[in-house]
Amino acid sequence: MKKFFMAAILTVSIFFNTCFAMNRADFGLGGLTLDNNYSEVIKIYGEPTSKPGGWAQLVSDVIKYGDNIEIGFLGKKVRYIVTTANNGWKTPAGVYVGMPISKVIEIYGDDYKTVTREKPINPNEKYFYYKWSGTKYSWSEPVDEDTKYILSVIVNNGTVTAIELNQQTPEY
């Protein structure tokens, strides 16, 4: 009987320690991941509505679908994905623009970092990645020694107004 209780306690402990832990599979948006490449994105979503070009050495190309989806690439690999509208794009766990932040925290747990920006750095910025205000809640997962995936939601008045998925490397 003592072994049964020890096994039960161990099982419950493992469950509670892992139920909120994020893993690489959680870092997706709209059916895409940071492992996708340019041709896979085009195959899934077709030709973009615009290609504003890259910025600096960190993103070699940017494509947009409508006025609320932006995907940045380094080389031909996805570097970041942003959506700024409730357009059907969700994370694998079901997080979407318009969801209350309390629900997001229920899903991903409270191991997040926040940063608040009262107004966009430049309201005329052409890239969504830099054009946000509100509070950014971020969860991350190391991929290897130098790289981590970051999932962020931008929140205004308690509601998700944007979702951002990106890959952080030493130069970024």
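In terms of its C-alpha gyration tensor, region 56-105 comes out prolate, because a/c is 1.5 or above and the ratio a/b outweighs b/c.
Taking 20 Å as the cut-off, the amide N atoms of region 55-96 that come nearer than this to a point 7 Å along the Cα-to-beta-carbon line of Glu141 belong to 72, 77-83, 89-96. Taking amide H as placed 1.01 Å from N in the peptide plane, the amide H of Thr159 sits under 5 Å from that of Ile101, each at least 5 places away or on another chain.
When Ile42, Ile63, Ile107 are compared by accessible surface with a 1.4 Å probe, the order from highest to lowest is Ile107, Ile42, Ile63. Per-residue extension of 0.36 nm, minus the Cα-Cα distance of Val115 and Ser50, leaves a gain of 20.4 nm for this segment. On full extension, the segment bounded by Asn86 and Ala25 gains 19.8 nm, given 0.36 nm per residue less the C-alpha separation.
The values are calculated or read from the model by the stated rules, or taken from the named source; none is laboratory data. If you're wondering where the values come from, they're calculated on a predicted model, not measured in any experiment. Neighbour counts are summed over all protein chains in view; Cβ atoms, including those assigned to glycine, are modelled from backbone coordinates with ideal geometry. Calculation scope for accessible area: heavy atoms of the full protein, side chains included, ligands and nucleic acids excluded. Shrake-Rupley method; radii C 1.70, N 1.55, O 1.52, S 1.80 Å.
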